[in-house]
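The values are calculated or read from the model by the stated rules, or taken from the named source; none is laboratory data. In this text, all values refer to a predicted model and were calculated from it rather than measured experimentally. A quick note on method: Cβ atoms are made from the backbone with ideal geometry, for glycine too, and the neighbour counts reach across all protein chains shown. Just the protein is used for accessible areas: all its heavy atoms, side chains included, with ligands, DNA and RNA removed. Shrake-Rupley method; radii C 1.70, N 1.55, O 1.52, S 1.80 Å.
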Amino acid sequence: MCAQLIDGKEVANNIKNQLRGRIEALKKRGITPGLATVLVGDDPASATYVRSKAKACEKLGLYSEVVKKPAGIPQLELMAIVDRLNNDPKISGFLVQSPLPAPLDELAVTLAIKPEKDVDGFHPVNVGMMLIGTPGLLPCTPHGIIKLMEYYQIDPSGREVVIVGRSNIVGKPMAALLMQKQKMANATVTVAHSRTRNLAEVVRRADILIAAIGRPKFITADMIKEGAVVIDVGVNRVEDTNLEKGYRLVGDVDFDACFDKASYITPVPGGVGLMTIAMLMYNTVSAAENQNK
Ligand code: GUN
């Protein structure tokens, strides 16, 4: 078997094109959706993500603001920025790029964001709403993965989904979404992680595998079932002295080895990452609509 490639660029463009009409309608009413991103410190990967988010806003005609602060910013000053963005009418939604440098308190920051402006979907109110199946703003990466599957008509209903990784950003919310009694869900969900016994055996049960562990090429071909759908959330930088930038991006899945065994597979880059940004735009537009009902 040879897998069909899941093209994140195509699906992300499709989502963003669908947003254009909604953005136009808002603009006719004098409303421009606005996104602010807060970047603390100088982590190069975080800086890249923030740049991509601002660029996506620009391309869609959204207002965007990047707030950059040094790693040593006092907690109170960061909280004051959150407070300002909560009350700025130009800002429909905002996010504070994670991880925050120590000793900053990330949970305190998340709790301070108004749930209706929490376009990451990280506030416990939004997490709770998602869990009970009455979503407010959904977390971008898991929602983007649902959209990818929907586009390729991969219905998880009744199938064995194995998620490897239990982070608050991907693993846990992905499980919550896929176990719902609703369209593009109804899956039998297993969440595996670093303490899972016989991990390879558990992963081999997957009709749909979602790898979000953050370890390059962790999922090898022997760990996947013939015909499995393989969704790779990993974005790992590995040294590559042949490239000018000195690194290349590698997923959590050994793509080349799994390509012949899977039915569908996402590439890295060009897969899930593009969907995360598209869904952030989606949440920003939804937030603007909800605030102007
Ligand atoms: N760090 C890695 N992914 C994300 C994300 O989706 N949102 C934020 N705020 N930080 C991140």
Original post:
Carbon-plus-sulfur fraction of the accessible area of the chain, 1.4 Å probe, in percent?
Top reply: 52 percent
Original post:
Which ³J(HN,Hα) values, rounded to whole Hz and listed in residue order, are derived for the range 232-243 from phi using the Karplus coefficients 6.51, -1.76 and 1.60 in 6.51 cos²θ - 1.76 cosθ + 1.60 with θ = phi - 60°, glycine and proline given as x?
Top reply: 10, 8, x, 10, 10, 8, 10, 4, 8, 6, 6, 9
Original post:
Measuring from label point to label point, each 7 Å out along Cα→Cβ, what is the residue 87 to residue 247 span in nm?
Top reply: 3.9 nm
Original post:
Going by accessible area, probe 1.4 Å, with all protein chains left in place, what is the ranking of 59, 53, 261, largest first?
Top reply: 59, 261, 53
Original post:
What number, in percent, do you get for the relative contact order of the chain if the mean sequence gap of Cα pairs under 8 Å and at least 6 apart is divided by its residue count?
Top reply: 23 percent
**OP:** Provide, in order from the shortest bin, the percent of all Cα-Cα pairs of the range 7-76 in each 5 Å bin, continuing until the bin that contains the maximum pair distance.
**Re:** 3, 14, 20, 19, 16, 12, 8, 6, 1
**OP:** Using only alpha carbons, build the gyration tensor for the range 90-142 and give me the equivalent ellipsoid semi-axes, biggest first, whole Å.
**Re:** 20, 13, 10
**OP:** Could you work out, for the range 170-293, what percent of all Cα-Cα pairs fall into each 5 Å distance bin, beginning at 0 Å and stopping at the bin that holds the largest distance?
**Re:** 2, 10, 16, 20, 19, 13, 9, 6, 3, 2, 0
Original post:
Of 2, 57, which has the most accessible area with a 1.4 Å probe, and how do the rest follow in descending order?
Top reply: 2, 57
Original post:
Which value, to two decimals, describes the C-alpha radius of gyration of the chain once divided by 2.2 N^0.38 Å?
Top reply: 1.00
**OP:** Compute the whole-percent fraction of alpha carbon pairs in the range 1-126 spaced more than 27 Å apart.
**Re:** 26 percent
**OP:** Provide the FRET efficiency to the nearest 0.05 for the residue 48-residue 215 pair, computing r from the beta carbons and using R0 = 25 Å.
**Re:** 0.80
Original post:
Solvent-accessible area per residue for the chain at a 1.4 Å probe radius, Å²?
Top reply: 48 Å²
**OP:** For the range 123-245, calculate the relative contact order in percent as a whole number, restricting contacts to Cα pairs under 8 Å that are 6 or more residues apart.
**Re:** 22 percent
**OP:** List, in the order given, every pair from 217/261; 27/69; 28/69 whose Cα-Cα distance in the structure shown is over 25 Å.
**Re:** 27/69; 28/69
Original post:
Of 27, 114, 245, which is the most mobile in a GNM of the chain whose springs link Cα atoms less than 10 angstrom apart?
Top reply: 245
**OP:** Give, as a single signed number, the net charge of other residues whose beta carbon lies under 14 Å from the beta carbon of residue 201, with Lys and Arg counted +1 and Asp and Glu -1.
**Re:** +2
**OP:** Report, ordered by chain and residue number, the lysines lying within cross-link reach of residue 183, taken as a straight Cα distance under 16 Å and ignoring same-chain residues fewer than 8 apart.
**Re:** 147
Subject >> Approximate spin-label separation residue 2-residue 237, in nm, with each point projected 7 Å along Cα-to-Cβ >> reply: 3.5 nm
**OP:** Order 138, 243, 85, most accessible first, counting only protein heavy atoms with a 1.4 angstrom probe.
**Re:** 243, 138, 85
**OP:** Specify whether the C-alpha gyration tensor of the range 53-166 places it in the rounded, prolate or oblate class, a ≥ b ≥ c being the square roots of the eigenvalues: rounded for a/c under 1.5, otherwise prolate if a/b is larger than b/c and oblate if not.
**Re:** prolate
Original post:
Put a dot 7 Å past each Cα toward the Cβ at residue 106 and residue 205; how far apart are the dots in nm?
Top reply: 2.9 nm
Original post:
With every protein chain present, what accessible area does residue 81 have (1.4 Å probe, heavy atoms only), rounded to the nearest 10 Å²?
Top reply: 20 Å²
Original post:
With the contact rule set at Cα under 8 Å and sequence spacing of 6 or more, what percent relative contact order holds for the range 1-122?
Top reply: 27 percent
Original post:
What order do you get for 44-51, 191-198 when each peptide is scored by the mean count of other beta carbon atoms within 10 Å, highest first?
Top reply: 44-51, 191-198
**OP:** Considering only DSSP beta bridges where both residues belong to the chain, give the percentage that are antiparallel (nearest 5).
**Re:** 10 percent
Subject >> Degrees, to the nearest 10: 272-291 long Cα axis against longest axis of the chain >> reply: 40 degrees
